[in-house]
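Written out below as structure tokens is the structure these notes cover.
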Amino acid sequence: MRIAITGSTGLIGTALVHSLRADGHEVYRLVRRTPRGPREVFWDPERQRVDAAGIAGCEGVVHLAGAGVGDHRWTDAYKKRIRDSRVLGTAALAEALASLDTPPRVLVSGSGIGLYGDTGGREVDEGAPPGDGFLGDLCQEWEEATAPAAEAGVRTVLARTGLVVARGGDWGKLLRLFRLGLGGRIGDGRQYWSFIALGDHVAALRHLLETDGPSGPVNLTAPHPATNREVTAAMGRVLHRPTLLTVPAPALRLAVGEVATDLLRSQRVVPRRLLDSGFSFAHPHIESAVRAALTDPW
């Protein structure tokens, strides 16, 4: 299968490329510099430029590109960068796919469970309405930008991703703190974190690519969301470190600004449509996911 991927050098993209190539798939990487080989395709997401000819003949496209949400304080300028990198890039890619004489069979486009807002202890699936706030508004715009591809007949999947448990990315920062014995619950610890092991995320993306699965929103989260207290306890057990510290909510807001909202909100999200499509999780519980993160090859 010939597959094009944006964001191929990120945490998830790197693991996905490795997995696909290991099984003999042809992977075409969209890059923002001058291409260095026949399987690299130029694009400039924020200027909405895509070399559509370079992705002609691809049967599937996975769109993962976007500026990191937790990498900086959410100043107005950085929030604009987060939005533009997702909404403008997605619109450009969707329009490029729609322009092809033979569009790909499927587009799996990244999104996030931030769309649901704070759900408290209430369990929600893909049928839940959008929530309020920056991430809720962003995810709605991000998903709406895929419309040209869907209207051209491309099966379009909106992959709403939770917290990815891995040695890299935002979870990697947590692992480093816990290894130093500086880990602990955040706020009161009762907020739900909807997570997914990196290996399960890659397997789910491949499931959505390689099967005639669902279109529209699909939650990429493990079936058993954990509270922050449960996450903290699991990290302590796996790493054999104390977890006595706590980070009060006001201190967290002072340290990282508006990003703290994302750590303190409670999101109890379940992957109803993914499970209904026949997908099976290797790491449905938090402790298994943390252990897997320490041994994953990526």
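The values are calculated or read from the model by the stated rules, or taken from the named source; none is laboratory data. Everything numeric in this text was worked out from a predicted model, so none of it was measured. Cβ placement follows ideal geometry from the backbone for every residue including glycine, while neighbour counts extend to all protein chains displayed. Heavy atoms of the whole protein, side chains included, go into the accessibility calculation; ligands, DNA and RNA do not. Shrake-Rupley method; radii C 1.70, N 1.55, O 1.52, S 1.80 Å.
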Conditions: (1) assigned to a helix (DSSP H, G or I); (2) among the hydroxyl-bearing types (Ser, Thr, Tyr); (3) modelled with pLDDT of 95 or more. Thr261 meets all but one. Number of the miss? (3)
Any chance Ser99 is modelled with pLDDT of 95 or more, more than 16 Å from Pro217 (Cα to Cα) and hydroxyl-bearing (Ser, Thr, Tyr): yes
How about segment 152-170: which of its residues are open to solvent by 10 Å² or more (accessible area, probe 1.4 Å), in contact (Cβ under 8 Å) with a residue 60 or more places away in the chain and either in a strand (DSSP E or B) or of a type outside the set (Asp, Glu) (or both)? Arg155, Thr156, Leu158, Arg160, Thr161, Gly162, Val164, Arg167, Gly168, Gly169
On the given criteria, is Ala67 at pLDDT 95 or above, on the phi < 0 side of the Ramachandran plot and either over 22 Å from the mean Cα position of the chain (by Cα) or open to solvent by less than 30 Å² (accessible area, probe 1.4 Å) (or both)? no
State whether one or more residues within segment 53-60 are more than 20 Å from Val202 (Cβ to Cβ), at pLDDT 95 or above, touching a helix residue (DSSP H, G or I) at 6+ places or on another chain (Cβ under 9 Å) and not in a strand (DSSP E or B). yes
Please state which of the following conditions Ser99 fails to meet, knowing it meets all the rest: (1) surrounded by 15 or more Cβ atoms within 10 Å (Cβ to Cβ); (2) among the hydroxyl-bearing types (Ser, Thr, Tyr); (3) in contact (Cβ under 8 Å) with a residue 12 or more places away in the chain; (4) out of contact with any Gly (no Cβ under 9 Å at 6 or more places or on another chain). (1)
Within segment 1-28, how many residues turn out to be within 30 Å of Lys79 (Cβ to Cβ) and open to solvent by less than 40 Å² (accessible area, probe 1.4 Å)? 11
Note: among Gly70, Gly136, just one is in contact with a helix residue (DSSP H, G or I) (Cβ under 8 Å, 6 or more places away or on another chain) and outside any loop (DSSP other than H, G, I, E, B), namely Gly136
If you go through segment 180-201 one residue at a time, how many are within 23 Å of Val17 (Cβ to Cβ) and surrounded by 23 or more Cβ atoms within 10 Å (Cβ to Cβ)? 6
Name, by its number, the condition in (1) charged (D, E, K, R); (2) surrounded by fewer than 20 Cβ atoms within 10 Å (Cβ to Cβ); (3) touching a residue at least 24 places away in the same chain (Cβ under 8 Å); (4) over 30 Å from Ser99 (Cα atoms) that does not hold for Arg176. (3)
